[in-house]
1. Testing ILE57 on (1) under 16 Å from the mean Cα position of the chain (by Cα); (2) within 10 Å of the ligand (Cβ to nearest atom), one condition comes back false. Which one is that?
2. For a quick check of your reading of the model, give me the residue pairs whose first member lies in the stretch 140-167 and is modelled with pLDDT of 95 or more, whose second is surrounded by 22 or more Cβ atoms within 10 Å (Cβ to Cβ) and among the acidic types (Asp, Glu), with beta-carbon atoms closer than 6 Å and at least 6 apart or on different chains.
3. Restricting to the stretch 246-304, what's the tally of residues that are part of a loop (DSSP other than H, G, I, E, B), exposed (fewer than 13 other Cβ atoms within 10 Å of the Cβ) and of a type in the set (Val, Ile, Thr)?
4. Give the stretch 299-319 a look and list any residue that's touching an Asp or Glu at 6+ places or on another chain (Cβ under 7 Å) and modelled with pLDDT of 90 or more, or say none.
5. Return the pair list, or none, for Cβ contacts closer than 9 Å from residues in the stretch 229-253 that are over 24 Å from LYS213 (Cα atoms) to residues that are among the basic types (Lys, Arg) and in a helix (DSSP H, G or I), at least 6 apart or on different chains.
6. Report yes if some residue within the stretch 220-234 is touching a Gly at 6+ places or on another chain (Cβ under 7 Å) and either assigned by TED's automatic domain parsing to the domain that holds ASP135 or modelled with pLDDT under 95 (or both); otherwise report no.
7. What tally of residues in the stretch 162-172 results from selecting those that are over 18 Å from PHE138 (Cβ atoms) and outside any loop (DSSP other than H, G, I, E, B)?
8. Can you report the number of residues in the stretch 250-270 which are farther than 15 Å from LYS203 by Cα and among the polar types (S, T, N, Q)?
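The values are calculated or read from the model by the stated rules, or taken from the named source; none is laboratory data. Since this is a predicted model, take the numbers as computed values, not measurements. Don't worry about glycine lacking a Cβ; one is built from the backbone with ideal geometry, like all the others, and counts go over all protein chains shown.
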Amino acid sequence: MRNCVLVTGGLGFIGINYLLLMSKVYKDDLFVCLDKMTYAANDPQILKWCENVKVIIGDICDTKLVDELFSRYHFDYVVNFAAESHVDNSLISPLIFVKTNVEGTAVLLNAAVKYKVKKFHQVSTDEVYGEGTDDYLFKESDKLNPSSPYSSSKAAADLLVLSYNRSFKLNVSISRSSNNYGLYQNKEKFIPNMIYNLLNKKKIHIYGDGNYKRDYLDVIDNVRAIDLIMRDNSEIKIFNVSSHQEILNIDLARKILKIFNYGDSMIEYVTDRKGHDKCYGIDTTLFENRYHLPFHQMRLDEMVKSYINFYARGDYYGK
Ligand SMILES: NC(=O)c1ccc[n+]([C@@H]2O[C@H](COP(=O)([O-])OP(=O)(O)OC[C@H]3O[C@@H](n4cnc5c(N)ncnc54)[C@H](O)[C@@H]3O)[C@@H](O)[C@H]2O)c1
């Protein structure tokens, strides 16, 4: 085995895409997935053909377990995907977001310092910058101004990660990506939720008037970007990652409705989310200058097809 990588939250949407791809790219590496298996996790059976992936069901906040794992595996890299990730849930139960996203990150950072890992990579989000405007792209050096308990907990985790670099000389990196799309995302999230509802001939839900702009990134591009940043030795610690495919929620909904041959009558407008950010545009010059990763174009028809197969196979773990 060449490198041993701790992948926290590896059963979640982005984590499982990372494991499925990277376990093939780095056949000699061992990937240890630590996941609490919350409602958002996928079935670990999806990883059954990945011989170099070991799944451990457990909590990143469990100091004893985390210490045991670091002592047993001597991780070279840690990539922290584990998080409570749904903004709506954070408005109802913020404490669990602080617990997992902030305290859990601190537990991992302590162990990473104690066991001298090569690099700690934090998977972050464009939401830490807060609400954007149409004429400005946030840079990595911009002030963090999060709007929800979810994005605040992610911003707090980013600051913790940077403080461990400064105080303990831990080698760290952070990727702040825009919204990801692709397979294995829980159906609480916008795109899978619409596809699932339409497959079941139910209406789709749009917050407010639907005039919220989101910037979509193929999850495969994000996991490639994370891997490039994590294994690199750049002096730059933080990279924004996006493929600049911006679309209003209402326009995205209409494109998906069209694929199903439905019209606006299948839209139900629901009470808007508290503190709903209009948009988040990010400047990705730092990433593009260093990595030259070609990004996929969003193909909604293909995504709908793959989700239909995915649900038909019963691969989907979320209830
Ligand atoms: N999905 C996106 O569009 C997006 C965009 C930018 C950033 N991110 C960030 O990427 C990361 C992964 O997001 P996702 O969409 O895959 O999330 P997800 O909700 O699909 O998956 C999170 C995973 O973490 C696990 N988990 C939760 N609490 C845990 C704990 N205490 N200990 C161990 N495991 C725990 C869950 O069981 C789940 O498998 C998150 O940190 C999120 O903030 C996501």
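1. That leaves (1) as the condition not met.
2. That search, which allows pairs on different chains as well, returns SER151/GLU127.
3. Total meeting the criteria: 1.
4. Residues satisfying the conditions do not exist here.
5. Here the result reads ILE229/ARG290; ASP232/ARG290; SER234/ARG290; ILE236/ARG290, each pair linking the stretch 229-253 to a residue that is among the basic types (Lys, Arg) and in a helix (DSSP H, G or I).
6. yes
7. Initially, the stretch 162-172 is screened for residues over 18 Å from PHE138 (Cβ atoms), giving 163-172.
Cutting the leftovers down to outside any loop (DSSP other than H, G, I, E, B) gives us 163-168, 172.
Here the count works out to 7.
8. Residues in the stretch 250-270 being farther than 15 Å from LYS203 by Cα and among the polar types (S, T, N, Q): 0 in total.
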